[in-house]
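The values are calculated or read from the model by the stated rules, or taken from the named source; none is laboratory data. Treat the numbers as computed from the prediction; the structure is a model and nothing was measured. Cβ sites come from the backbone with ideal geometry, for glycine too, and all protein chains shown count toward neighbours. Just the protein is used for accessible areas: all its heavy atoms, side chains included, with ligands, DNA and RNA removed. Shrake-Rupley method; radii C 1.70, N 1.55, O 1.52, S 1.80 Å.
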Amino acid sequence: MRLYLDTADLGQIREMARLGVLDGVTTNPAIVAGTEKSYRNAVEDIAEVVDGPVFAQVIAADADEMVREARGYQEWAADVVAKIPATRAGFEALSRLRTGGIPAGTTVVFSVEQAVLAAKNDASFVAPYVGRLDDAGSDGVETVRRMQEIYDTYGFETELLAASIRNTTQAVALYEAGVDAVTMSPEVLEAHIPHPKTDEGVAGFEAAWGDRGSPLDERGDSS
Ligand code: E4P
């Protein structure tokens, strides 16, 4: 299972990379706009701090321009994957990009049908929006589970990358469904760490050890 961080915040990317769990970073136009950097600078900066792909979405709405942007992004860093929205123009652009060997996949995905078209198109990934599906009155996790089942049945190689994850309950349900990959905000990833019983347990061990200091500084006991 691959785990991506959905942000352009370099400090948070560095902090989470230190935990050793990051496989790359996803962005979208709203995330990049929030940095007030040029698109290129935002992607280049992320690529410098993360070990893994940077996902960058095309802005254009027509196929020719989507293809041009996705090709151009390849010049910005060594491992950029173009995100192409699941529109008619997007599927056409994806087909041309894949034929040309440009890494690209399908994003802003809201239905099983779109996920099937993406896989038939050899998308490198497909990103269903779990939280936004829930907002729209659907069941995001269940939609992803159905996609995963269909992908497994046909042996599609497209990575099923669950996006728009709002909390750890959704994340855990996605892990249970065996999803290929997840992308989440630093806040949702951060929420994976603490547990009150862990804090309580650590405090108990600290109290038991008292003021003995580091085991490395203890005087040797030859007996
Ligand atoms: C995926 O790569 C998107 O950037 C993202 O997960 C969108 O999620 P949102 O619903 O939080 O905007």
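Given 0.36 nm per residue, what is the gain on full extension from Glu65 to Val172 after removing their alpha carbon distance, in nm?
34.7 nm
Modelling each spin label as a point 7 Å along the Cα-to-Cβ direction, I'd like the Glu36/Asp79 distance in nm, to one decimal.
For the pair Glu36/Asp79, the computed spacing is 3.1 nm.
Taking 0.36 nm per residue of sequence separation and subtracting the Cα-Cα distance, how much length would be gained by fully extending the chain between Ala17 and Phe205, in nm to one decimal?
That pair, Ala17 and Phe205, stretches by 64.9 nm at full extension.
Helix 63-73 against the longest principal axis of the chain: what's the angle in degrees, Cα atoms only, rounded to the nearest 10?
Taking the Cα atoms of the chain, the angle to 63-73 is about 40 degrees.
Run the reach check for Lys197 against lysines, Cα to Cα strictly under 26 Å, same-chain hits fewer than 8 apart removed. What comes back?
Excluding near neighbours in sequence, the set is empty.
Tell me, what % of the accessible area of the chain is carbon and sulfur with a 1.4 angstrom probe?
Here carbon and sulfur together make up 49 percent of the probe-accessible area.
By average Cβ neighbour count within 10 Å, what is the ranking of 39-45, 3-9 from highest down?
3-9, 39-45
Which lysines, if any, have their Cα less than 30 Å from the Cα of Lys120, not counting same-chain residues under 8 positions apart?
Partners found: Lys83.
From the helices alone, meaning DSSP H stretches of at least four residues, give me the mean residue ellipticity at 222 nm for the chain, per-run term -39500 (n - 2.57), in deg cm²/dmol to the nearest 500.
Roughly -13500 deg cm²/dmol at 222 nm, from the helical runs in the chain.
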